[in-house]
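Undergrad: My questions all concern the structure below.
The values are calculated or read from the model by the stated rules, or taken from the named source; none is laboratory data. Quick caveat, the model's predicted, so the values are computed rather than measured. Glycine gets a Cβ as well: all are built from the backbone with ideal geometry, and neighbour counts include every protein chain shown. SASA here: full protein model, heavy atoms, side chains in, ligands and nucleic acids out. Shrake-Rupley method; radii C 1.70, N 1.55, O 1.52, S 1.80 Å.
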Protein chains: 6
Amino acid sequence: MNSTDRYQHGLDKLMEYTLTENKEISTHLKISDDLKDIAPDVAKFIIEFGYGDIYSRSGLTNKQRAQITIASLVTQGTEPQLELHINTGLTAGLTPVEIVESFIQLIPYTGFPRILNALAVAKRVFAQRGVSAVSAAKEQ
Amino acid sequence: MNSTDRYQHGLDKLMEYTLTENKEISTHLKISDDLKDIAPDVAKFIIEFGYGDIYSRSGLTNKQRAQITIASLVTQGTEPQLELHINTGLTAGLTPVEIVESFIQLIPYTGFPRILNALAVAKRVFAQRGVSAVSAAKEQ
Amino acid sequence: MNSTDRYQHGLDKLMEYTLTENKEISTHLKISDDLKDIAPDVAKFIIEFGYGDIYSRSGLTNKQRAQITIASLVTQGTEPQLELHINTGLTAGLTPVEIVESFIQLIPYTGFPRILNALAVAKRVFAQRGVSAVSAAKEQ
Amino acid sequence: MNSTDRYQHGLDKLMEYTLTENKEISTHLKISDDLKDIAPDVAKFIIEFGYGDIYSRSGLTNKQRAQITIASLVTQGTEPQLELHINTGLTAGLTPVEIVESFIQLIPYTGFPRILNALAVAKRVFAQRGVSAVSAAKEQ
Amino acid sequence: MNSTDRYQHGLDKLMEYTLTENKEISTHLKISDDLKDIAPDVAKFIIEFGYGDIYSRSGLTNKQRAQITIASLVTQGTEPQLELHINTGLTAGLTPVEIVESFIQLIPYTGFPRILNALAVAKRVFAQRGVSAVSAAKEQ
Amino acid sequence: MNSTDRYQHGLDKLMEYTLTENKEISTHLKISDDLKDIAPDVAKFIIEFGYGDIYSRSGLTNKQRAQITIASLVTQGTEPQLELHINTGLTAGLTPVEIVESFIQLIPYTGFPRILNALAVAKRVFAQRGVSAVSAAKEQ
């Protein structure tokens, strides 16, 4: 596959995780826009390598890839990216309950601080997307 | 639920992730055994809180909980626990391909070093359990 | 001990670290309040497991437990929790000097950046509680 | 070397990384100022040990020391210090391109999140110093 | 204070944490010995800055400094240094129970993996020093 | 650039960091060999993305890229990869003194434990390559 194909392949895959009417596509576009004056190649690598080479692999569903990514970002405590990937996770089909339960599952492995900070981010994203956070709590 | 119930509940849940004929149950028993002279309550907390309170929740499948746990442990680089949870993940129904692909999915979020170290652990576990690692590679 | 007892036990212990007239109890109440729409069980786990099972153990004083907790949070750089536990530490009897010296003790083990960030948090908390930060510096 | 000499030696070295007409010297002065009411000895240790004992060693150029420091801070994600050391790095002679390329070099070792956050910090510093970020991108 | 004084001051303080008949002094001597062909100044910095400037401060007892250090090392998972500082902690007056309880106190803040690995290190050190690990467990 | 070109480009760049008569090329070959039964695509990504896309960029010398990489790996404490990159760093032109001084430069930013562990790795690599560690110490 040549470079143009990888980029297009990555962009197609990225679209599966995003929708024009929702926030996260604009977030991804905003990332590209923020990078264009300082490091445009990093935006290209995210599309080509991240979405073209990695996310495009078979073997896992989009939902699984989003959930694994969220688990890593909660563990690292990198909140701007966690916010983005809670958004892409919801678009990929994770329910708010699955996202909240993913955080709770990590308490024995990271302790409470990382999870409290992740829940604060999720609460903000759920509110922005008009997802009922109460229903997430109810199903628990 | 009283403390005895939580412990039993946790133990029942732990059994779903382990099988007497396989390695990981002996690993969990070995953890309890190692702890009994120094910190037996920690073994109790793992069963009661970890498996009784957290793993027993609804909202995610055992497979999802195992996969999230593995993602966090790869990110942290805590290898003895990663070895254990690759084992419990396989028992919970994750395929070797799903485990290997979970690692690969994390490359853009943790970089290569954590993933190379995780793959070395997985290779050892797959060999111990007689899981064909070649088939994992083939499906990719 | 049944679940209600563990919760009550945890709440009693939490009260030892907090006082209604001070900020940190409202912080803990704020945590519970923030969680009630998204993950109320996490607030319950903090009380039951954190304060009921762990903080309630014998073998260390409240002051020691607060100081150990602060050392871990400085090392991790999780600032919202560090702010909370500087507050609970002060209520548990740690002096501002002991808190500042705890940070300084960690310089050889974490480097300066974590300590500078922790000192900025402590300075804010000391000001909020009307604790004289100057006296802390003097005693050094 | 006595303590006064080490402090003076450290201060001289620090001056090589800073210029009165630029922002970073005021940042270092601001650090000292912020610390003087809570932990003035930490400011002294940064000058004496950091700049007097470590930065003053032979074997590496100032530029190399700045670049190594930046690589560690990007990896740790401690942003206030990264901001300071992008400033001192520029004064020590690193070009904006060298700083941006240092971040990009770390993608395979830390993943994208740390690098995106570091680029956002760099973009802010470059703007504050009136360094053309476009030229940095062009040279890539 | 001149450099010779700081070194001697640091060495005196280090002696308070170690005893010739026990393992940890030889460990510290071994560190100096290991470093002498590759980076002898690092051994000097540990004595001068670590023990001379930091450990020699007033405001905390030796026991408190050892306990804080252990909490940070458990959190970081740097096991060779944890082994050393469990040894110096015991010499500084921490009981095995206080060390084990310090680990348990951190479970809510770091999760179980770091604590299990720390307990394995402590068990090894307790055995080497002929400290009864059973009594540690009993007092819990 | 198509995929075959990126791979070849990456392989050419990797060769600049390695020499058949030395250890590190066999280490890189060993990584590929270890991965071929479990995750051969990861070896491909290291060559294509790591060496083809990142290391092949202009703007920094090979020596700078090696030194930045080492600084990140010391900070993370991922020792197998640190061992490899001390090797590639030496081949890329870093002197043993520059490597040891890079570690020492990081003491104020990571604390001593990471540096002591890194020095132990470097000492082993220097011995394997027959590099005189004494001369490294002398220049300091």
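Undergrad: In the range B:116-136, which residue that is open to solvent by less than 60 Å² (accessible area, probe 1.4 Å) and closer than 10 Å to B:Val100 by Cβ is modelled with the lowest pLDDT?
TA: Per the stated criteria, the residue is B:Ala136.
Undergrad: Scan the range E:83-99 and tell me whether some residue there is assigned by TED's automatic domain parsing to the domain that holds E:Thr4 and under 28 Å from F:Ala127 (Cβ atoms).
TA: Narrowing the range E:83-99 to residues assigned by TED's automatic domain parsing to the domain that holds E:Thr4: none.
No.
Undergrad: Also, quick follow-up: Consider A:Arg129 carefully, then state whether it is among the basic types (Lys, Arg) and more than 13 Å from chain B (Cβ to nearest Cβ).
TA: Working: among the basic types (Lys, Arg): yes; more than 13 Å from chain B (Cβ to nearest Cβ): yes.
In short, yes.
Undergrad: Tell me, which helices (runs of 4 or more DSSP H) lie completely within the range F:1-110 with 3 or more residues that are within 14 Å of chain A (Cβ to nearest Cβ)? Show your work before the answer.
TA: Working: elements: F:3-16, F:23-35, F:40-45, F:62-76, F:79-92, F:96-110.
Filter on the range F:1-110 gives F:3-16, F:40-45.
Undergrad: Given the conditions (1) touching a Pro at 6+ places or on another chain (Cβ under 8 Å); (2) in contact (Cβ under 8 Å) with a residue 12 or more places away in the chain; (3) outside the structural domain of C:Leu11 (by TED's automatic domain parsing), report the number of the one that C:Gly50 does not fulfil.
TA: (3)
Undergrad: Any idea which of (1) open to solvent by less than 10 Å² (accessible area, probe 1.4 Å); (2) touching a Pro at 6+ places or on another chain (Cβ under 9 Å); (3) of a type outside the set (Asp, Glu) is the one C:Leu90 doesn't satisfy?
TA: Failing condition for C:Leu90: (1).
Undergrad: State whether one or more residues within the range F:20-27 are over 12 Å from the mean Cα position of the chain (by Cα) and crowded, with 17+ Cβ neighbours inside 10 Å. Break it down into steps so the answer makes sense when it comes.
TA: Taking the range F:20-27 first, the residues over 12 Å from the mean Cα position of the chain (by Cα) are F:20-22, F:26.
Next cut, crowded, with 17+ Cβ neighbours inside 10 Å only: none.
No, because not a single residue in the range F:20-27 is over 12 Å from the mean Cα position of the chain (by Cα) and crowded, with 17+ Cβ neighbours inside 10 Å.
Undergrad: In the range A:21-43, how many residues are more than 25 Å from A:Arg57 (Cβ to Cβ) and at pLDDT below 70?
TA: 3
Undergrad: Among the candidates D:Ile107, D:Ile38, which residue alone is farther than 23 Å from C:Thr78 by Cα and without any contact (Cβ under 8 Å) to a residue 12 or more places away in the chain?
TA: Working: D:Ile38 fails: farther than 23 Å from C:Thr78 by Cα.
The conditions single out D:Ile107.
Undergrad: Under 18 Å from B:Glu101 (Cα atoms) and at pLDDT 90 or above - does that describe any residue in the range A:72-83? Don't jump to the end; show me each part of the working.
TA: Restricting attention to the range A:72-83, the residues satisfying the condition of being under 18 Å from B:Glu101 (Cα atoms) are A:72-73.
When the remaining residues are screened for being at pLDDT 90 or above, the result is A:72-73.
The answer is yes, given that some residue of the range A:72-83 is under 18 Å from B:Glu101 (Cα atoms) and at pLDDT 90 or above.
Undergrad: Here is a list of conditions, (1) modelled with pLDDT of 95 or more; (2) touching a helix residue (DSSP H, G or I) at 6+ places or on another chain (Cβ under 6 Å); (3) among the hydroxyl-bearing types (Ser, Thr, Tyr), and D:Tyr17 meets all of them except one; can you say which number that is?
TA: Exception for D:Tyr17: condition (1).
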